[in-house]
Amino acid sequence: ILIETPDNFEMLIDGGRDSSVLRELSREMNIFDREIDVVVATHPDSDHIGGLVDVIERYKVKNILLTENEHDTPTATTFTSVVADENAKLMYADAGQQFLLGKDVVVTVFSPVGDERMWESNTASVVLKVTYGETSFMLTGDAPSEIENHLVGTYGEQLKSDVLKLGHHGSRTSTSEEFLDAVSPSYAVVSAGVGNSYGHPHQEVMQRVFARNIQSSHTGTDGTVTFVSDGETVWQK
């Protein structure tokens, strides 16, 4: 997920499993732009950080937001190594954090809270809300429904967003009824490959989305999904 602000700040959230993210960035970013202001690794599973290894090696990354969750895999080890070599400013996600991306875009961290080092990796996912003016985007990593429902109980209406990235690629482990009602998005996006072996998105999740008349997109079938905000309204490009 690439966020570009009106004053040309950029935040990349996760990078897929392989180097194909570089091809997509080259299509979206200016050919002379070799810097990314913030890279977010929502959790250390290889399908989220594998491509970030190549991104960090190719681009100058100023800030990296990640969890302290520990994952003993070759991909996680390589990722930790390239992060250490990058000399970027490291920020460890904790609920309640806020920072500006450029002058006008606010990024709020809703999860994780507490010491997530030994949690199951999906449970430790960074959950972000990106706000520009009156518009906002809820980006959930692979956070499961127990985390979502904790957020509903803690934050309630603060979760309301125009666009929701469905949790865990549209898996039945995420996007609970309660969370979907609290976020109450106009748009929902499934980030998953077409014909993937997990069967994402799961039918019961999409039925919840359809029942609420939420407009949905699927990267596997639709390709790159782009939204534009003028600070008052959001529309799909």
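The values are calculated or read from the model by the stated rules, or taken from the named source; none is laboratory data. All values reported here derive from a predicted model rather than from experimental measurement. Please note: Cβ atoms are built from the backbone with ideal geometry, for glycine as well, and neighbour counts cover all protein chains shown. Ligands, DNA and RNA are stripped out before the accessible areas are found, and what is left, the full protein with its side chains, is counted by its heavy atoms. Shrake-Rupley method; radii C 1.70, N 1.55, O 1.52, S 1.80 Å.
In table form, for the structure just shown:
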{"item": "Shape metrics for region 21-70, restricted to C-alpha atoms - Rg then Dmax, Å", "result": "11.3, 35"}
{"item": "Highest average packing first - 67-77, 18-28, 183-193, Cβ atoms within 10 Å", "result": "183-193, 67-77, 18-28"}
{"item": "Square roots of 5 times each gyration tensor eigenvalue, C-alpha, region 12-166, largest first, Å", "result": "24, 20, 13"}
{"item": "In range of the label at E177: residues from region 136-158 whose backbone nitrogen is under 18 Å from the point 7 Å along Cα→Cβ", "result": "145-153"}
{"item": "Projected area averaged over orientations for region 81-128, convex hull of C-alpha atoms, nm²", "result": "4.3 nm²"}
{"item": "Along principal axes, Cα extents of region 125-186, largest first, whole Å", "result": "31, 22, 20"}
{"item": "Prolate/oblate/rounded call for region 173-237, Cα gyration tensor, a/c under 1.5 rounded", "result": "oblate"}
{"item": "Computed FRET value (nearest 0.05) for N213 with A84, which takes r as the C-beta separation and R₀ as 45 Å", "result": "0.45"}
{"item": "Cleavage-rule hits (trypsin sites (Lys or Arg not before Pro)) in region 81-117: DSSP loop, at most 16 neighbouring Cβ within 10 angstrom", "result": "K103, R117"}
{"item": "Cα-based Kirkwood hydrodynamic radius, region 1-98, one decimal, Å", "result": "13.5 Å"}
{"item": "Fraction of accessible area attributable to carbon and sulfur, region 91-226 (%, probe 1.4 Å)", "result": "49 percent"}
{"item": "Per principal axis, descending, Cα span of region 105-237 in whole Å", "result": "40, 38, 24"}
{"item": "Stokes-Einstein diffusion coefficient of region 50-129, Kirkwood radius over Cα pairs, 20 °C, 1.002 mPa s, in µm²/s", "result": "157 µm²/s"}
